[in-house]
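The values are calculated or read from the model by the stated rules, or taken from the named source; none is laboratory data. Remember, it's a predicted structure, so these values are computed and weren't measured experimentally. Methodologically, a virtual Cβ is constructed for each residue, glycine included, from the backbone with ideal geometry; neighbour enumeration extends over all protein chains shown.
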Ligand SMILES: CC(C)(COP(=O)(O)OP(=O)(O)OC[C@H]1O[C@@H](n2cnc3c(N)ncnc32)[C@H](O)[C@@H]1OP(=O)(O)O)[C@@H](O)C(=O)NCCC(=O)NCCS
């Protein structure tokens, strides 16, 4: 049976950063550092590290299936018109990459939350919320007003995390007649 994806959207104009600032503060106090792919350098070595992190986290996405090879990942997720190393937020713990949140900007006028993932041992500490706040800042800096994403219906953690930020169901819009 076809998967009925849970499509979500967040109104960036209504998003209140201040409500989520404590998550960023708590993570930083706990020694988590936030940076971006652009800041660390969009090098082959860092693309490989991003791939490894993405692959590990994606293993927990329900029905994700086999992950890309590195070459496929570069071709389909990095060397694309919407990839922007500024839009790749990274969470580091003692220098090790433990989390990622990637966002792309689309010509239709919205941003898309591509992949948010934390290594299993780092989950449940608000790190993904903190990364998403930074991702929202990236989206806003491009003048977009809407952030979209979709998830497998069994991905309770991802859906819960996004609803916690204020994402609501992305209902198909019916044109007025
Ligand atoms: C989805 C994922 C990134 C969440 O990361 P996390 O670090 O555990 O999330 P946080 O600690 O920041 O939790 C944020 C909020 O999500 C919600 N949440 C987290 N886990 C949840 C769960 N299992 N069920 C329901 N809600 C959940 C909570 O509301 C939580 O906020 P609160 O603690 O203030 O109540 C993580 O589970 C993950 O990496 N999963 C595998 C990869 C994946 O599925 N990514 C999404 C597809 S792109």
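Structural remarks
- Looking only at segment 152-177, and only at residues there that are surrounded by 14 or more Cβ atoms within 10 Å (Cβ to Cβ) and more than 16 Å from residue 57 (Cβ to Cβ), the one that is nearest to the ligand (Cβ to nearest atom): 164
- Test: residue 13 is closer than 30 Å to residue 171 by Cβ, over 15 Å from the mean Cα position of the chain (by Cα) and not in a helix (DSSP H, G or I): yes
- Within segment 111-131, one or more residues are over 21 Å from residue 30 (Cβ atoms), touching a residue at least 40 places away in the same chain (Cβ under 8 Å) and more than 8 Å from the ligand (Cβ to nearest atom).
- Residue tally, condition on the phi > 0 side of the Ramachandran plot and free of Cβ contacts under 8 Å to residues at least 60 places away in the same chain, over segment 36-93: 2
- Matching entry among 23, 68 (being surrounded by 11 or more Cβ atoms within 10 Å (Cβ to Cβ) and either at pLDDT below 95 or assigned to a loop (DSSP other than H, G, I, E, B) (or both)): 68
- Test: residue in segment 142-151 that is within 16 Å of residue 57 (Cβ to Cβ), within 16 Å of the ligand (Cβ to nearest atom) and surrounded by 11 or more Cβ atoms within 10 Å (Cβ to Cβ): yes
- Matching residues, segment 80-110, being touching a helix residue (DSSP H, G or I) at 6+ places or on another chain (Cβ under 6 Å) and either part of a helix (DSSP H, G or I) or more than 14 Å from the ligand (Cβ to nearest atom) (or both): 85, 86, 87
- Hey, residue 56 outside any strand (DSSP E or B), within 16 Å of the ligand (Cβ to nearest atom) and farther than 22 Å from residue 167 by Cβ or not: yes
- For the condition more than 15 Å from the ligand (Cβ to nearest atom), crowded, with 18+ Cβ neighbours inside 10 Å and within 14 Å of residue 10 (Cα to Cα), residue 139 qualifies.
- Exactly one residue out of 95, 41 is loosely packed, with under 13 Cβ neighbours inside 10 Å, more than 24 Å from residue 121 (Cβ to Cβ) and modelled with pLDDT of 95 or more, and it is 41.
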